[in-house]
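Below is one structure, written out as C-alpha coordinates; comments come after it.
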Amino acid sequence: MSWIINTLTSTIGRKVIMALTGLFLILFLAVHLAGNLQLLHDDGGEAFNLYTQFMAHNPLIQLVSKGNFFFIFLHIFVSITLYVRNKKARPIGYKVSAGNSNSTWSSRSMTLLGTFIMMFIFLHLYGYWYHLKFVGEPIIKMVTIDGVSMHNAYALVAESYQIPGVVAFYVIAMIVLAFHLWHGFSSAFQSLGLNHPKYNGIISGLGKLYAIIVPALFALIPIYMYLNNAG
(Lines give C-alpha, C1' and ligand atoms only; values in the text may rest on other atoms or scores of the structure.)
Protein backbone atom coordinates (compact mmCIF):
# COMPACT_ATOMS: atom_id res chain seq x y z
CA MET A 1 0.00 0.00 0.00
CA SER A 2 2.88 2.34 0.80
CA TRP A 3 4.28 2.04 -2.72
CA ILE A 4 0.96 3.30 -4.11
CA ILE A 5 1.08 6.34 -1.82
CA ASN A 6 4.73 6.99 -2.65
CA THR A 7 3.99 6.72 -6.37
CA LEU A 8 1.00 9.04 -6.25
CA THR A 9 2.88 11.62 -4.20
CA SER A 10 6.00 11.54 -6.38
CA THR A 11 6.50 13.91 -9.28
CA ILE A 12 6.04 11.10 -11.82
CA GLY A 13 2.91 9.87 -10.03
CA ARG A 14 1.40 13.33 -9.98
CA LYS A 15 2.11 13.77 -13.68
CA VAL A 16 0.27 10.50 -14.31
CA ILE A 17 -2.69 11.82 -12.30
CA MET A 18 -2.57 15.05 -14.30
CA ALA A 19 -2.56 13.07 -17.54
CA LEU A 20 -5.44 10.75 -16.58
CA THR A 21 -7.64 13.52 -15.22
CA GLY A 22 -6.73 15.70 -18.20
CA LEU A 23 -7.80 13.03 -20.70
CA PHE A 24 -11.04 12.51 -18.80
CA LEU A 25 -11.75 16.24 -18.90
CA ILE A 26 -10.91 16.35 -22.62
CA LEU A 27 -13.54 13.65 -23.18
CA PHE A 28 -15.98 15.55 -20.97
CA LEU A 29 -15.49 18.72 -23.01
CA ALA A 30 -16.58 16.90 -26.18
CA VAL A 31 -19.72 15.55 -24.48
CA HIS A 32 -20.46 18.94 -22.90
CA LEU A 33 -20.09 20.61 -26.29
CA ALA A 34 -22.59 18.20 -27.84
CA GLY A 35 -25.11 19.25 -25.19
CA ASN A 36 -24.40 22.96 -25.54
CA LEU A 37 -24.89 22.80 -29.30
CA GLN A 38 -28.57 22.16 -28.55
CA LEU A 39 -28.71 25.91 -27.87
CA LEU A 40 -28.42 26.52 -31.60
CA HIS A 41 -31.69 24.73 -32.42
CA ASP A 42 -34.32 27.14 -33.67
CA ASP A 43 -37.02 25.74 -31.39
CA GLY A 44 -37.30 28.32 -28.61
CA GLY A 45 -34.97 26.35 -26.37
CA GLU A 46 -36.93 23.09 -26.30
CA ALA A 47 -34.00 20.84 -27.26
CA PHE A 48 -31.67 22.43 -24.70
CA ASN A 49 -34.26 22.33 -21.92
CA LEU A 50 -34.92 18.64 -22.59
CA TYR A 51 -31.18 18.04 -22.52
CA THR A 52 -30.70 19.83 -19.19
CA GLN A 53 -33.73 18.04 -17.72
CA PHE A 54 -32.24 14.69 -18.71
CA MET A 55 -28.83 15.64 -17.32
CA ALA A 56 -30.33 16.79 -14.03
CA HIS A 57 -32.45 13.71 -13.36
CA ASN A 58 -30.56 10.75 -14.80
CA PRO A 59 -28.81 8.91 -11.91
CA LEU A 60 -25.90 7.72 -14.05
CA ILE A 61 -25.32 11.21 -15.46
CA GLN A 62 -25.43 12.66 -11.96
CA LEU A 63 -22.81 10.15 -10.80
CA VAL A 64 -20.56 11.01 -13.75
CA SER A 65 -21.15 14.72 -13.09
CA LYS A 66 -19.99 14.41 -9.48
CA GLY A 67 -16.98 12.44 -10.66
CA ASN A 68 -16.26 15.17 -13.17
CA PHE A 69 -16.20 17.84 -10.45
CA PHE A 70 -13.86 15.63 -8.43
CA PHE A 71 -11.48 15.21 -11.39
CA ILE A 72 -11.53 18.95 -12.13
CA PHE A 73 -10.50 19.84 -8.59
CA LEU A 74 -7.99 16.98 -8.45
CA HIS A 75 -6.47 18.20 -11.72
CA ILE A 76 -6.22 21.73 -10.32
CA PHE A 77 -4.81 20.60 -6.96
CA VAL A 78 -2.14 18.35 -8.46
CA SER A 79 -1.13 21.03 -10.99
CA ILE A 80 -0.62 23.50 -8.14
CA THR A 81 1.47 21.03 -6.13
CA LEU A 82 3.61 20.27 -9.19
CA TYR A 83 4.10 23.98 -9.85
CA VAL A 84 5.14 24.64 -6.24
CA ARG A 85 7.50 21.66 -6.24
CA ASN A 86 9.11 22.76 -9.51
CA LYS A 87 9.57 26.31 -8.20
CA LYS A 88 11.25 25.01 -5.06
CA ALA A 89 13.51 22.71 -7.07
CA ARG A 90 14.40 25.48 -9.53
CA PRO A 91 14.05 28.84 -7.75
CA ILE A 92 16.02 30.63 -10.50
CA GLY A 93 14.20 30.24 -13.80
CA TYR A 94 15.80 29.51 -17.11
CA LYS A 95 16.79 32.37 -19.36
CA VAL A 96 13.92 33.54 -21.54
CA SER A 97 15.86 32.89 -24.72
CA ALA A 98 16.52 29.29 -23.77
CA GLY A 99 12.88 28.72 -22.88
CA ASN A 100 11.70 30.15 -26.18
CA SER A 101 14.00 27.89 -28.18
CA ASN A 102 13.10 24.67 -26.36
CA SER A 103 9.37 24.98 -25.77
CA THR A 104 6.19 26.70 -26.89
CA TRP A 105 4.58 29.59 -25.04
CA SER A 106 1.57 27.45 -24.16
CA SER A 107 3.75 24.76 -22.58
CA ARG A 108 5.55 27.36 -20.45
CA SER A 109 2.29 29.03 -19.42
CA MET A 110 0.16 26.02 -18.44
CA THR A 111 -0.18 27.20 -14.82
CA LEU A 112 -1.23 30.70 -15.88
CA LEU A 113 -3.66 29.35 -18.47
CA GLY A 114 -5.03 26.82 -15.99
CA THR A 115 -5.57 29.54 -13.37
CA PHE A 116 -7.65 31.59 -15.81
CA ILE A 117 -9.68 28.50 -16.76
CA MET A 118 -10.28 27.78 -13.07
CA MET A 119 -11.64 31.32 -12.61
CA PHE A 120 -13.89 30.81 -15.63
CA ILE A 121 -15.21 27.52 -14.26
CA PHE A 122 -16.17 29.09 -10.93
CA LEU A 123 -17.89 32.02 -12.63
CA HIS A 124 -19.60 29.68 -15.09
CA LEU A 125 -20.87 27.46 -12.29
CA TYR A 126 -22.15 30.48 -10.38
CA GLY A 127 -23.89 32.00 -13.37
CA TYR A 128 -25.56 28.78 -14.50
CA TRP A 129 -25.49 25.79 -12.13
CA TYR A 130 -25.85 27.79 -8.89
CA HIS A 131 -28.84 29.74 -10.19
CA LEU A 132 -30.55 26.62 -11.50
CA LYS A 133 -29.85 24.59 -8.38
CA PHE A 134 -30.33 27.09 -5.56
CA VAL A 135 -32.01 30.28 -6.81
CA GLY A 136 -34.82 29.15 -9.08
CA GLU A 137 -37.79 31.51 -9.19
CA PRO A 138 -38.06 34.37 -9.97
CA ILE A 139 -34.80 34.33 -11.95
CA ILE A 140 -35.36 30.88 -13.43
CA LYS A 141 -38.79 30.48 -15.00
CA MET A 142 -40.49 27.14 -15.50
CA VAL A 143 -41.58 25.72 -18.84
CA THR A 144 -43.70 22.68 -19.73
CA ILE A 145 -42.56 20.37 -22.54
CA ASP A 146 -44.48 17.19 -23.41
CA GLY A 147 -46.41 17.54 -20.17
CA VAL A 148 -43.28 17.76 -18.01
CA SER A 149 -42.54 20.92 -16.02
CA MET A 150 -38.86 21.88 -15.97
CA HIS A 151 -36.52 24.82 -15.50
CA ASN A 152 -36.24 27.09 -18.52
CA ALA A 153 -32.45 26.84 -18.60
CA TYR A 154 -32.43 28.11 -22.18
CA ALA A 155 -33.91 31.45 -21.10
CA LEU A 156 -31.19 31.86 -18.47
CA VAL A 157 -28.43 31.21 -21.00
CA ALA A 158 -30.03 33.32 -23.74
CA GLU A 159 -30.42 36.26 -21.36
CA SER A 160 -26.81 36.09 -20.18
CA TYR A 161 -25.58 35.92 -23.79
CA GLN A 162 -27.21 39.27 -24.50
CA ILE A 163 -24.61 40.93 -22.27
CA PRO A 164 -21.57 41.88 -24.41
CA GLY A 165 -19.18 41.55 -21.47
CA VAL A 166 -20.33 37.99 -20.76
CA VAL A 167 -19.94 37.00 -24.40
CA ALA A 168 -16.49 38.59 -24.61
CA PHE A 169 -15.31 36.89 -21.41
CA TYR A 170 -16.60 33.53 -22.65
CA VAL A 171 -14.78 33.89 -25.98
CA ILE A 172 -11.55 34.92 -24.24
CA ALA A 173 -11.87 31.90 -21.93
CA MET A 174 -12.22 29.61 -24.95
CA ILE A 175 -9.07 31.11 -26.51
CA VAL A 176 -7.23 30.42 -23.24
CA LEU A 177 -8.66 26.89 -23.21
CA ALA A 178 -7.39 26.37 -26.77
CA PHE A 179 -3.83 27.28 -25.73
CA HIS A 180 -4.13 25.00 -22.68
CA LEU A 181 -5.29 22.08 -24.83
CA TRP A 182 -2.67 22.80 -27.49
CA HIS A 183 0.04 21.55 -25.14
CA GLY A 184 -2.01 19.50 -22.68
CA PHE A 185 -3.44 16.98 -25.18
CA SER A 186 -0.13 15.54 -26.42
CA SER A 187 1.51 16.08 -23.02
CA ALA A 188 -1.02 13.73 -21.40
CA PHE A 189 -0.07 10.89 -23.75
CA GLN A 190 3.61 11.56 -23.15
CA SER A 191 3.17 11.46 -19.35
CA LEU A 192 1.48 8.07 -19.68
CA GLY A 193 4.30 6.73 -21.84
CA LEU A 194 1.98 6.41 -24.86
CA ASN A 195 4.30 8.31 -27.18
CA HIS A 196 6.19 6.70 -30.04
CA PRO A 197 7.95 8.18 -33.11
CA LYS A 198 5.54 6.28 -35.38
CA TYR A 199 2.40 7.97 -34.06
CA ASN A 200 3.60 11.05 -32.19
CA GLY A 201 2.74 13.12 -35.26
CA ILE A 202 -0.80 11.73 -35.32
CA ILE A 203 -1.33 12.44 -31.62
CA SER A 204 0.07 15.95 -31.99
CA GLY A 205 -2.09 16.62 -35.06
CA LEU A 206 -5.26 15.33 -33.43
CA GLY A 207 -4.48 17.34 -30.31
CA LYS A 208 -4.07 20.56 -32.26
CA LEU A 209 -7.27 19.94 -34.23
CA TYR A 210 -9.13 19.30 -30.98
CA ALA A 211 -7.59 22.39 -29.39
CA ILE A 212 -8.90 24.51 -32.26
CA ILE A 213 -12.27 22.96 -33.13
CA VAL A 214 -13.77 22.32 -29.68
CA PRO A 215 -13.05 25.77 -28.12
CA ALA A 216 -14.07 27.43 -31.42
CA LEU A 217 -17.46 25.69 -31.37
CA PHE A 218 -17.94 26.59 -27.70
CA ALA A 219 -17.17 30.23 -28.53
CA LEU A 220 -19.47 30.18 -31.55
CA ILE A 221 -22.53 29.53 -29.38
CA PRO A 222 -22.60 32.82 -27.39
CA ILE A 223 -21.52 34.81 -30.45
CA TYR A 224 -24.32 33.32 -32.57
CA MET A 225 -26.95 33.79 -29.86
CA TYR A 226 -25.88 37.38 -29.25
CA LEU A 227 -25.93 38.33 -32.93
CA ASN A 228 -29.11 36.39 -33.64
CA ASN A 229 -31.11 37.98 -30.82
CA ALA A 230 -29.56 41.40 -31.38
CA GLY A 231 -30.87 41.36 -34.91
Which ones in region 149-166 are over 22 Å from the mean Cα position of the chain (by Cα) and in contact (Cβ under 8 Å) with a residue 40 or more places away in the chain?
-> M150, H151, N152, A155, Q162
Only one of (1) modelled with pLDDT of 95 or more; (2) over 15 Å from the mean Cα position of the chain (by Cα) is not met by A219, so which one is it?
-> (2)
Select from region 27-45 the residues that are crowded, with 16+ Cβ neighbours inside 10 Å, in contact (Cβ under 8 Å) with a residue 24 or more places away in the chain and more than 17 Å from the chain's Cα centre (by Cα) and list them in ascending order.
-> L39, G45
Only residues that are in a helix (DSSP H, G or I) and more than 18 Å from the chain's Cα centre (by Cα): list them for region 199-209, please.
-> N200, G201, I202, I203, S204, G205
Across region 49-73, the tally of residues that are polar (S, T, N, Q) and out of contact with any helix residue (DSSP H, G or I) (no Cβ under 6 Å at 6 or more places or on another chain) stands at 4
Would you list the helices (runs of 4 or more DSSP H) that sit entirely within region 10-124 and hold 2 or more residues that are of a type in the set (F, W, Y) and at pLDDT 85 or above?
-> 11-36, 46-57, 59-89, 110-124
Residues of region 130-158 being surrounded by 14 or more Cβ atoms within 10 Å (Cβ to Cβ) and either basic (K, R) or assigned to a helix (DSSP H, G or I) (or both), which ones?
-> H131, L132, A153, Y154, A155, L156, V157, A158
In this structure, does A178 turn out to be part of a helix (DSSP H, G or I), surrounded by fewer than 14 Cβ atoms within 10 Å (Cβ to Cβ) and within 22 Å of the chain's Cα centre (by Cα)?
-> no
Only one residue in H196, H183 is part of a loop (DSSP other than H, G, I, E, B) and not hydroxyl-bearing (S, T, Y), so which one is that?
-> H196
State yes or no: is P215 crowded, with 17+ Cβ neighbours inside 10 Å and farther than 23 Å from G44 by Cβ?
-> yes
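The values are calculated or read from the model by the stated rules, or taken from the named source; none is laboratory data. What you see is a predicted model, and the numbers here were worked out from it, not measured in a lab. In this analysis, Cβ positions are derived from the backbone assuming ideal geometry, glycine residues included, and neighbour counts consider all displayed protein chains.
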